[in-house]
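Participant: Take this structure, written in structure tokens, and hold onto it; I'll ask about it next.
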Amino acid sequence: MQSLVELVEAGAATFGAPHLVALIVANAAAFLAMGYDKWCAGRGARRVPEARLLLPVWFGGVLGMWLAMRAFRHKTQKRTFQVRMAVAAVGSLVLWGAGLGLLGALAT
């Protein structure tokens, strides 16, 4: 049985271009979803559900969501959303770490 540190090291060794592309797409999707929700809010249109806003965060779009919150000044006062985003961010780290760790363990 490998230790957590060994799994993380193995995962870091397997991080490659496809993973980087996935992170870029997740961050772009998070940024665009937040911008679209802000646009809808300003026009009284139907909004994007919070669960859908947080979906890209689960796939690594934490930075994109955080930048969008600051750029659009949107959801910055909503504590429940911030807590949900933090949970999704931690969940994302766990999922990425576990996935990359398993890939690294399989590669060795």
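Participant: Just the Cα atoms of the stretch 16-107: what Rg and Dmax do they give in Å?
Facilitator: 14.4, 51
Participant: Continuing with this model, one more query. For the stretch 16-107, what's the relative contact order in percent, using C-alpha pairs closer than 8 Å and at least 6 residues apart?
Facilitator: After rounding, I find 30 percent.
Quick note: the coordinates plus some simple rules give every number you see, no bench work behind them. This one's a predicted model, so the numbers in the text were calculated from it and none came from an experiment.
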